[in-house]
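Where a number appears in this text, it was derived from the coordinates with a stated rule and is not lab data. Everything numeric here is computed off the predicted structure, so don't read it as measured data. Reconstructed Cβ throughout: ideal geometry from the backbone, glycine too, with neighbour counts over all protein chains shown.
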Amino acid sequence: RTFGRLDEALAYARDVYDSDDLHWMFNFGTDEQRHRMELHNLLSDIYRGKAHVLSYEPAAGPIEWISNLAGRIRYRVLAWYHDMTFRRFASRVADAYEQEGSILNAHWTYYRAQERYPRLALRALDQARDLETEVIPEAEPFYLMRAAMLRDDRAAIAEAVNAMHPRWERSSIAEGLGEIAIRAGRDGEVGEAQRTAVELYRLNRGGLRQHGIELPVELSISGVDGRIARRLAGSLKSAGLRPTGAAAGGTGSPLRLEVRVSDTQRVSYRFLDGERFLLGDTFGVSALDRGGAVRIAREITDAIFRVE
């Protein structure tokens, strides 16, 4: 599930899902039930991510806006279908693990199957944690983070993230930061949501739009009049950036985007983290109308969120 490469992941998942050749399952030591469980989980994540990414696709006109809306609805329905199917397979796989005597895997898979029911999921998670941390005490923060997510305890998620190893648990840290940013934004804690989004971007730049998280930036636009600057700022916001600072109602960000449009309709931009240059480019646009603003926003934000 490489962040920022959803189309490649989807193509791979579809190829495997549609394949009748099961030889790879034996090579990887799994059976068809577990194979289907993981594929439906993967497809659910991918379609949910594609819905979020499409919501940050600025539209040049009403037809494109309607097309984007239809695409988001379709992806969300597909994500729901694959999520429900994953949980059905997960329950069967958990039962099979239990019958095989693989108790840790059974409790962990029961937790995955029952995440929509926090009380049941928490019970299974606690049982898995007790078994694993008895052998690997370092796994405790991971389980604490999962339990905090079930309890909707943002402070406990942050505490668990801070206790994780910054190198070996990088993906879990990114997941925790994403949850904190989403929940803080939902709770109206704008400052915390923005600080956490910046942390997540520094860790995994492809993980924001995929999870519906805006990136706070200090934005400056020069070389055009106020009307065009506002149009361009609106397109950048629609593409996943959140202008910050007092004028924008934010709390400030160490990330800074400087955009300059020349008289010849050449667009130059620089994206910085404090004083550190991250990326920049120059390109031309045919017009500075709504379509041109959308094209500029796409060009810039695709580079900002791209995973190499």
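Between Arg119 and Arg230, the simple label model (points 7 Å from Cα in the Cβ direction) yields a spacing of 5.3 nm.
Radius of gyration (Cα atoms) of the chain, expressed as a multiple of 2.2 N^0.38 Å: 1.13. Angle of helix 140-151 to the longest C-alpha principal axis of the chain, folded into 0 to 90 degrees and rounded to 10: 80°.
Averaged over residues, the count of other Cβ atoms within 10 Å places the peptides 45-54, 119-128, 284-293 in the sequence 45-54, 119-128, 284-293, highest first.
The orientation-averaged shadow of the Cα convex hull for the range 96-212, equal to a quarter of the hull surface, comes to 7.8 nm².
Taking a ≥ b ≥ c as the square roots of the eigenvalues of the alpha carbon gyration tensor, the range 236-308 is prolate, as a/c is not under 1.5 and a/b beats b/c. Against the chain, whose longest principal axis comes from its Cα atoms, helix 32-55 is set at around 20 degrees. Hey, with R₀ at 22 Å, roughly what FRET efficiency would Arg290 and Ser222 work out to, going by the Cβ-Cβ distance, to 0.05? Working from the Cβ atoms, E equals 0.65. Inter-label distance, Asp95 to Val135: 2.6 nm, where each label sits 7 Å from its Cα along the C-beta direction. With coordinates expressed along the principal axes, the C-alpha atoms belonging to the range 124-173 extend over 26, 24, 14 Å, beginning with the largest. Using the Cβ-Cβ distance between Arg276 and Arg88 with R0 = 35 Å, the FRET efficiency computed as 1/(1 + (r/R0)^6) comes to roughly 0.15. Pairs of Cα atoms nearer than 8 Å and 6+ residues apart set the relative contact order; for the chain it is 14 percent. Per-residue ellipticity at 222 nm computed for the chain from its helices equals -20500 deg cm²/dmol, with DSSP H segments shorter than 4 residues left out and the rest contributing -39,500 (n - 2.57).
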